[in-house]
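Worksheet for the structure shown next.
The values are calculated or read from the model by the stated rules, or taken from the named source; none is laboratory data. These numbers come from a predicted model, not from an experiment. All Cβ positions, even for glycine, are placed from backbone atoms using ideal geometry, and neighbour counts span all protein chains on display. For the accessible areas, the whole protein counts, side chains as well, though only heavy atoms, and no ligand, DNA or RNA atoms are used. Shrake-Rupley method; radii C 1.70, N 1.55, O 1.52, S 1.80 Å.
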Amino acid sequence: MEGRKAFGWAARDTSGILSPYSFNLRKTGSEDVVLKVLYCGVDHTDLHQMRNEIHNTNYPLVPGHEVVGEVVELGSEANKFRVGDLVGVGCIVGSCGECLSCQSNMEQYCHNKIFTFNDTNKDGSPTRGGFSSAMVVHQRFVVRIPEKLAPDQAAPLLCAGVTAYSPLKQFMGSNKVLKAGILGLGGVGHLGVLIAKAMGHHVTVISSSDKKREEALKILGADAFLVSSDAAEMEGAANSLDYILDTVPALHPLRSYLSLLKVDGKLIIVAAVPKPLQFDAVDIILGKRTITGSFIGSVEETQEILEFWADKGLKSFIETVKMDYVNEAFERMERNDVRFGFVLDVAGSNLE
């Protein structure tokens with residue numbers, strides 16, 4: 001059975017071009033939250049899926065998984081929120097609830113997780129994301145936006161922010177100043193710099209060109225900037241970093257970055273690169289280095305990053321645009337022509 005009508009923008013084919021689309025929301029279940037979408041972040045993963053580059057796409061596709069909204073209706077047993085609450089929804093809207101990952105508050109690693117869009121709800125209906133007027137989500141996968149946080153500021157934290165926070169959390173409370181490397185300065189990278197700095201780390205931004213030096217040092221407050229194409233600079237920084245957060249969503253050689261790590265250093269990969277990455281075994285063996293991955297974060301960690309952001313008084317660098325600009329926004333994001341991410345003003349847009 002279907003619920004209320006919603007309006008959004010959808011991709012119809014591998015061109016990834018978005019245009020207006022109307023659909024029915026799924027029926028509201030007893031523990032569901034119905035939210036009116038206010039803002040939604042724009043993410044590289046949206047683009048990959050709009051073009052069918054990862055995770056076979058079912059069209060029409062309504063993207064968006066950094067969703068901030070207002071609760072407008074509650075299921076009969078939904079008791080975590082009240083009508084009028086400001087809430088967020090990230091990358092996942094369901095999981096099995098029974099496996100070890102779910103029982104350990106790591107539901108993002110559940111084999112039966114349900115993604116916010118381009119997936120299938122338990123009732124068989126397709127999941128549709130936040131590029132739409134409204135959503136129905138189980139309360140377990142909804143987080144509260146702190147009062148101190150502006151709603152458009154909160155949006156990028158729900159995917160990009162928690163993607164950086166979840167793996168960096170392991171370094172919190174260190175009794176020494178850790179030397180951090182942030183590779184790539186897009187949506188996840190710029191938030192990674194701010195989070196690592198707020199944790200007290202010494203932060204080096206690693207980029208392929210000098211273009212973002214001023215942004216990294218003056219705007220984001222990084223301590224150092226390293227141009228990866230400059231062999232002398234890279235050699236000078238060899239064996240200097242405790243960890244590197246690798247946020248680059250395109251193919252890149254790992255070898256030169258591994259050489260920057262100290263003994264026991266970690267290279268943490270968080271971006272879904274569409275092609276296989278390569279490294280030489282000796283580059284990790286001789287430095288006892290680790291290449292590891294991290295996938296978004298849990299619902300609990302999503303709530304944590306929102307509180308962390310509000311408590312530390314941090315500010316996301318975003319450009320807020322209306323829905324009719326979304327195709328241009330994706331074009332600009334692809335050529336890195338944004339500081340540092342787009343947020344859609346969904347409630348302020350004409351979706352029909």
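Observations on the model:
- Residues satisfying the stated conditions in segment 137-150, i.e. open to solvent by 40 Å² or more (accessible area, probe 1.4 Å) and either not in a loop (DSSP other than H, G, I, E, B) or not hydrophobic (A, V, I, L, M, F, W, C) (or both): His138, Arg140, Arg144, Glu147, Lys148
- Among the residues of segment 194-218, the ones that are in contact with a His (Cβ under 9 Å, 6 or more places away or on another chain), assigned to a helix (DSSP H, G or I) and open to solvent by 60 Å² or more (accessible area, probe 1.4 Å) come to 0 in all.
- So Pro156, is it within 16 Å of the chain's Cα centre (by Cα), over 29 Å from Arg12 (Cα atoms), of a type outside the set (A, V, I, L, M) and open to solvent by less than 20 Å² (accessible area, probe 1.4 Å): no
- Single residue of segment 31-43 satisfying the filter (part of a loop (DSSP other than H, G, I, E, B) and under 19 Å from Ser349 (Cα atoms)) that is modelled with the lowest pLDDT: Asp43
- Within segment 1-30, the residues that satisfy the criterion of being among the polar types (S, T, N, Q) and part of a strand (DSSP E or B) are Ser19, Ser22, Asn24.
- Residue in segment 182-192 that is touching a residue at least 60 places away in the same chain (Cβ under 8 Å), β-branched (Val, Ile, Thr), more than 19 Å from Glu304 (Cβ to Cβ) and outside any helix (DSSP H, G or I) present: yes
Residue-wise test of (1) open to solvent by less than 30 Å² (accessible area, probe 1.4 Å); (2) on the phi > 0 side of the Ramachandran plot; (3) free of Cβ contacts under 8 Å to residues at least 12 places away in the same chain; (4) among the polar types (S, T, N, Q).
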| position | (1), (2), (3), (4) |
| --- | --- |
| Phe225 | yes, no, no, no |
| Gly236 | no, no, yes, no |
| Pro249 | no, no, no, no |
| Asp264 | no, yes, no, no |
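- Scanning segment 266-300 for residues that are without any contact (Cβ under 8 Å) to a residue 40 or more places away in the chain, of a type in the set (A, V, I, L, M, F, W, C) and assigned to a loop (DSSP other than H, G, I, E, B), we see that the one that is most open to solvent (accessible area, probe 1.4 Å) is Leu286.
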